[in-house]
Amino acid sequence: MDGAEVPVGIWDVLLWGVLPYIVLAFFIGGTVWRYRYDQFGWTTRSSQLYESRLLRWASPLFHFGILAVLVGHIVGLVIPRAWTDSLGVTEDMYHVMALGIGSIAGIGTLVGIVLLVYRRRTTGPVFMATTKNDKFMYVLLVGAILAGLAVTAISVFDHSVTDYRSTVSPWFRSIWILQPDVAAMAAASLGFKVHVLWAFALFAVWPFTRLVHAFTAPLHYLFRPYIVYRSRDSRRPGRGTVPVRRGWDPVGTPDRERTRTRR
Amino acid sequence: MRIMAQTAMVMALDKCIGCHTCSVTCKQAWTNRAGTEYVWFNNVETRPGQGYPRRYEDQEKWRGGWELNRRGNLRLKSGGRLAKMFGIFASPVQPELKDYYEPWTYDYENLINAPAGDDFPVARPKSLITGKDTRISWSANWDDNLGGTAGSGHLDPIVEKVRRESEDKVRFEFEQTFMFYLPRICEHCLNPSCMASCPSGAIYKRAEDGIVLVDQDRCRGWRQCVTGCPYKKIYYNHKSGKAEKCTFCYPRVEVGIPTVCAETCVGRLRYIGIFLYDADRVTEAASVPDEQDLYEAQLDLMMDPHDPAVIEAARAEGIPEDWLDAARRSPVYKLAKEMRVALPLHPEYRTMPMVWYVPPLSPVVDLLKDQGHDGEDAENLFGAIESLRIPVEYLAELFTAGDTRLVTDVLRRLAAMRSYMRDITLGREADESIARAVGMTGAQVQEMYRLMAIAKYGERYVIPSAHVEDAHNLEELGCSLDVDGGPGMGQMGGFGEASGRPVPVAQETFMALQARQTADDPTGNTQLAGRVNLLNWDGHGTPEGLFPHRTAEDVGQVEEPPGPADGTTTRSGETA
């Protein structure tokens, strides 16, 4: 089934050749825009204050699970088969490992998020604090996880499912060199296509949901000094509530500027 | 030696009558917004009592502050950097809302709209968290006065500790008559453990005045600071998803006026001034092995503002002359270092807190009076301080990590001042032996009396303002309408409430009040939609929603309702 020739249609070009770049534009552009515009809204919006008995188990289960899933995706999508072959990793070894670790992480993630959604729905204050944006995001997130788990499960029993390492992965890598290998992705099984499209939707809305907190994972905490002094003077422009004065703005106090420009 | 300036506060607990004016004015100024209903930057606790949040001093449970590791170095009690990172998805020891209390409002509409019937209509309590009916079971100040102490005083972690150590349960009989108030704000520590716990590095200490603030733009809601602060004075705003804390009213302090809590204090028990401290030695001082040495170590950091070497070093750090002058006149320096009557709250947390307390002598005086003795006689007082072990031990657990000798010294100095000054007031010859007995001179006692009893506004609050040349770097300068969207915008960005740029604090209150008064849905309860919260109504005009809407036939029948027209009500501020 590797490299099987599949006719490439206009939809294939749109979905696997054009859509990835649109999603990337939303994902990157949206993140940059939100980082600049909405620092104050950039938070985990933790609901631990309301309830922590369920959260204590569900949240780490989900988060550590999804981190493991992320690593699995990077390994599967980025490392070409030739590399693992040259290391002497056989096809079977690779798949046993991928399936084993992947299923544990995936099921942990799923159990975690199901518990979190259950908690969100049944704990009064947490449900009250759930926005429409959150609900929409949960649908996309749970959908993407379910689609991914489903295609993994199906591939174990149904051997007509294509190998993602010769379809999805080459296509994924080709996106980044701006030469999308539409044919490779077009040859992938339907399950992969559903998973990818669902993930596209998730990534397109990512910057506009609370998921942005993932981008500010505080790794620098491991290296920064404990005590932070900050001077009023050296505060970077744009921080705080004083508007940034551009170089070309007339000199003067902000309140005068305002009266001058107004009418 | 690296000299830095620190704004600090001293509270003289003898003068606190527990009126909670400080708490209420602070709340009205800072935390009357959605998401901070349960938050009291300033609260007043009755001691013995559990405090707010309940039993916050039980660090075996809450794991706040610092401890020494095996090599004698400071480490966060709740764990090192890696442990914190692993606990980020579910903070292991974070207080929940039930540890504070569930805030509520009342369904006043029912009082007006209830149909005529045999039963009196009641205003049911509605939870501000869920919007549903709620049972009020606890609040920020539930174990107030003896009414609470008798019922829950035994839950006080310090009472537990003192009792465990004295193993004398009979004495609780006495403890029940022993009571005082403890107003608490953020300690603006020199070695803050909240700051050290913050994964984002959003909490910072201002280099100019030492005020500890949370950068609302950089806080990401990891909520480790709530665990880290042993005083539990960092709060999680559950609407905005950011940590908030007492700001030492920096917009006021920057222009030289005292904090809201100090300004409105009825007992005039708060003093604000600056310390010059040696920033290089803070870690060293916080790491002394014996907890009971922490007070002296902290006092050692406070440098003498009259010492030419200190002044020279301060100038080298760019501290302006008016600040050095304020440091020389600082009432907090006098009370803490020169007179040694102000003690830090829980020095054993190793955070070097900068809100100091003059411990109360009143339990001792009251007891003497109740027993028919002369409560202001020096001999009686000295004797009582020595023999009344429970209050002294209790105070020592609060202020000196259990060192009763230090507390006794302070109480003796206060007692000496009382009896020395009584002789003078009654026109008798001053008894210098009283002053000598506590290692002071008569002149020093009189100076202490002046500062503690009759100091005027300008002596209690010596606050150098921020500098004019820095004016444009101040947080609050500029037209107050000069933000995105201008007035009426509220805190609304593209992602709903609490997104977008933060509104400058001075207008935030105004806008929040306006938003609340006009909100459709203050608690998520649609029954309250369109209503005016009477607590927030300033008494002027008739805001939309104050009265029920009238239908056309009502208008035909009823005359104009006598709404409170402007000018007919007198504002209390004008008559006072």
Which listed residue is part of a loop (DSSP other than H, G, I, E, B) and modelled with pLDDT of 90 or more, from B:ALA123, B:ALA196, B:ALA140
B:ALA123
When B:LYS98 is run through (1) part of a helix (DSSP H, G or I); (2) within 13 Å of chain A (Cβ to nearest Cβ); (3) crowded, with 22+ Cβ neighbours inside 10 Å; (4) of a type outside the set (Val, Ile, Thr), the failure sits at (3)
Among (1) surrounded by fewer than 24 Cβ atoms within 10 Å (Cβ to Cβ); (2) in contact with a His (Cβ under 6 Å, 6 or more places away or on another chain), the one test that B:ASP325 misses:
(2)
Is it true that some residue in region A:25-47 is of a type in the set (A, V, I, L, M), within 14 Å of chain B (Cβ to nearest Cβ) and not in a loop (DSSP other than H, G, I, E, B)?
no
Is it true that some residue in region A:146-166 is more than 14 Å from chain B (Cβ to nearest Cβ), crowded, with 20+ Cβ neighbours inside 10 Å, modelled with pLDDT of 95 or more and assigned to a helix (DSSP H, G or I)?
no
Counted residues in region B:370-403 being assigned to a helix (DSSP H, G or I) and surrounded by 18 or more Cβ atoms within 10 Å (Cβ to Cβ) come to 16
Please specify each residue of region B:108-118 satisfying the condition of being among the acidic types (Asp, Glu) and modelled with pLDDT under 90.
B:GLU109
Within region B:250-260, tally of residues that are open to solvent by less than 10 Å² (accessible area, probe 1.4 Å) and under 13 Å from the mean Cα position of the chain (by Cα):
1
How many residues does region B:21-48 hold that are in a loop (DSSP other than H, G, I, E, B), closer than 23 Å to B:MET179 by Cα and modelled with pLDDT of 95 or more?
3
Which one is farthest from the other protein chains (Cβ to nearest Cβ), of the residues in region A:216-233 that are among the aromatic types (Phe, Trp, Tyr) and open to solvent by 40 Å² or more (accessible area, probe 1.4 Å)?
A:PHE223
Out of all the residues in region B:214-243, which are open to solvent by 10 Å² or more (accessible area, probe 1.4 Å) and in a strand (DSSP E or B)?
B:VAL214
Failed item in (1) loosely packed, with under 12 Cβ neighbours inside 10 Å; (2) touching a Phe, Trp or Tyr at 6+ places or on another chain (Cβ under 9 Å), with A:GLY112 passing the rest:
(1)
Yes/no for B:ALA83 being more than 13 Å from chain A (Cβ to nearest Cβ) and more than 26 Å from the chain's Cα centre (by Cα):
no
Residue list for region B:305-322, restricted to those being open to solvent by less than 10 Å² (accessible area, probe 1.4 Å) and of a type outside the set (A, V, I, L, M)
B:PRO305
Residue among A:VAL69, A:VAL89, A:VAL78, A:VAL96 that is open to solvent by 20 Å² or more (accessible area, probe 1.4 Å), of a type in the set (A, V, I, L, M) and within 30 Å of B:PRO199 (Cα to Cα):
A:VAL69
Being open to solvent by 10 Å² or more (accessible area, probe 1.4 Å) and either in a loop (DSSP other than H, G, I, E, B) or of a type in the set (A, V, I, L, M) (or both) narrows it down to one residue among B:GLY64, B:GLY72; which is it?
B:GLY72
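The values are calculated or read from the model by the stated rules, or taken from the named source; none is laboratory data. Values in this document were obtained by computation on a predicted structure and should not be read as measured data. Positions of Cβ are generated from backbone atoms using ideal geometry, with glycine treated the same way; all protein chains shown enter the neighbour counts. Remember, those area values only see protein heavy atoms, side chains included, never the ligands or the DNA or RNA. Shrake-Rupley method; radii C 1.70, N 1.55, O 1.52, S 1.80 Å.
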